[in-house]
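The values are calculated or read from the model by the stated rules, or taken from the named source; none is laboratory data. Just so it is clear, the model here is predicted, and its values are computed rather than measured. Glycine gets a Cβ as well: all are built from the backbone with ideal geometry, and neighbour counts include every protein chain shown.
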Amino acid sequence: MTEIFGVPTQALFGQLLIGLINGSFYAMLSLGLAVIFGLLNIINFTHGAQYMMGAFCAYFLLEFAGVGYWWSLLIVPMVVGITGIVVERTMLARLYKLDHLYGLLLTFGLALILQGLFTNYYGSSGLPYRIPNELTGGIDLGFMLLPKYRAWVIVASLVVCLGTWFVIERTKLGAYLRAATENRALVQAFGVNVPRMITLTYGFGVGLAALAGVMAAPIYQVNPQMGANLIIVVFAVVVIGGMGSILGAILTGFGLGIVEGLTKVFYPEASNTVIFVIMVIVLLIKPAGLFGKER
Amino acid sequence: MPDALTTARPAGPGTATAPLLSVRDLNAWYGESHILHGVTFDVRAGEVVTLLGRNGAGKTTTLRSIMGIVPRREGSIAYDGQETVRLASNRIARMGIAYCPEERGIFASLNVEENLLLPPIVRDGGLSIEQIFELFPNLKERLSSQGTKLSGGEQQMLAIGRILRTGARLLLLDEPTEGLAPVIVQQIGRTIARLKAQGFTILLVEQNFRFAATVADRHYVMDHGRVADMIPNSELGANMAKLHDYLGV
């Protein structure tokens, strides 16, 4: 068996793959958080619960309506996105003029309520969700077996992340979004319906979390706590990347997934804490984050 | 012969002599502080009118109130006969009013071209990009630069240029000459004259009343959140002593 730095290559590539998969979810979730924070000035603690709702929504569609994975990828982000829009219109819209802290508390409370409700009805043991038939099995790369579904998750999340980046950085719609992130009042004074744009942005960010939830359902089980476990790491990713930076969120998400995977190979004891250690170091050296700008 | 008189002086909204903008008893607040205490003035279509006054007299707040971006305002602001005081700022902009803020409001995360094209077209009849480049040739060479990398003068040109595209007929300009070199102040003065010739109506906030005298038809002097006086530009010379008193210069 071949080895690199005394580690079997199979174990190394296996952990790198897991790192990339985790990184895909970190990237998609932190991207949504960054977009929401940039425009709404809200630290969306409900993000993990909305990711969990995405997974549950896919599960319900399959169990009760026979709607499979591929349609779920389309339907679930819209359904959960609409719940986000309702939350924004009825609750978050009242908080924009206040300190970040109020939005954080409200969304944190909502997350606890949602997780509590789902735990109450579905317990804390996970529900299974099958990998779609088209993506079962794996591809033999010679040095390792690459499960097709995992390859799909990595590619799909890259496409989603880069697509989002493109829309924000290279289109007229994105220019409105970037401008409103800097000076909401002025953009509205130019005749743009900024309140509507804010509502749709929140819906989009929430939809992105739900999409990640659907993609996660076949890998991790569908579980009321799945978001709570992930969101803490994702917040660390956002802090490291820099709040409000789109490309920063994507790169940091994938990068930290890989770092975490590699840590599992070389020093497994630290694999659960390595991201937080990096966060502390980044906060000490560059408080605005690797890609963030000082405000 | 009363008929000749009435036909010669048509009345009612939208006609030449009715004010395009009519502000009546305008009050505005920022949180607890009451900034405007019953501001009343008119701007007629095609006029260039300035608001003069010391710092803190309420000039900027008046512009922001017209644009609908103060937290709280009361009274009446009619544009082209339509009441706007309860409308959101995006609705006000869509009626054909455009605002160039004192701090210029150039977006750092947008390049010059994106900044220029950002404000949506609200009506027909705005300037084309070519006409804007003709007014401000500097902008054409800097299109891909980051908006805030421009010099102060260029940023001011961008801030004015981008609202000329939209088809807005009433331009609210807040201290467009502040902190700029004399040669650029002159360029902005010429621009305002050309815009007036093209039929734009301009409400200008100025500290620099020597500049204001070169471009404006009338001046409203503001003091402590009220309009204290109105001076036609032709009578500016005769009112110099009074003006010095108001402005404290």
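Scan A:76, A:7, A:35 and give me the residue that is farther than 20 Å from residue A:223 by Cα, crowded, with 18+ Cβ neighbours inside 10 Å and touching a residue at least 12 places away in the same chain (Cβ under 8 Å).
Criteria check complete, one pass: A:35.
Applying the selection to the range B:76-135, what residues are of a type in the set (Val, Ile, Thr), under 21 Å from residue A:179 (Cβ atoms) and in contact (Cβ under 8 Å) with a residue 40 or more places away in the chain?
Residues satisfying the conditions are B:97, B:106, B:112, B:121, B:122.
Counting just the residues of the range A:182-193 that are touching a helix residue (DSSP H, G or I) at 6+ places or on another chain (Cβ under 6 Å) and surrounded by fewer than 21 Cβ atoms within 10 Å (Cβ to Cβ), which one comes out farthest from the other protein chains (Cβ to nearest Cβ)?
This residue is A:184.
Out of A:104, A:98, which single residue is within 26 Å of residue A:202 (Cα to Cα), modelled with pLDDT under 95 and assigned to a loop (DSSP other than H, G, I, E, B)?
Answer to the check: A:98.
Would you mind stating whether residue B:39 is within 17 Å of residue B:176 (Cβ to Cβ) and either away from chain A (no Cβ under 12 Å) or among the aromatic types (Phe, Trp, Tyr) (or both)?
It is false that residue B:39 is within 17 Å of residue B:176 (Cβ to Cβ) and either away from chain A (no Cβ under 12 Å) or among the aromatic types (Phe, Trp, Tyr) (or both).
Working carefully through the options A:249, A:180, A:236, A:210, find the one that is touching a Pro at 6+ places or on another chain (Cβ under 9 Å) and assigned to a helix (DSSP H, G or I).
Just one listed residue meets the conditions, A:210.
Anything in the range B:48-94 that is crowded, with 19+ Cβ neighbours inside 10 Å, within 16 Å of residue B:220 (Cα to Cα) and of a type in the set (D, E, K, R)? List them, or say none.
B:59
If a residue counts only when it is farther than 23 Å from residue B:234 by Cβ and of a type in the set (S, T, N, Q), which helices (runs of 4 or more DSSP H) contained entirely in the range B:108-221 have at least 2 such residues?
Passing ranges, in order: B:152-164.
Applying the selection to the range A:51-81, what residues are of a type in the set (Ser, Thr, Tyr) and touching a Gly at 6+ places or on another chain (Cβ under 6 Å)?
A:51 - this is the single residue of the range A:51-81 that is of a type in the set (Ser, Thr, Tyr) and touching a Gly at 6+ places or on another chain (Cβ under 6 Å).
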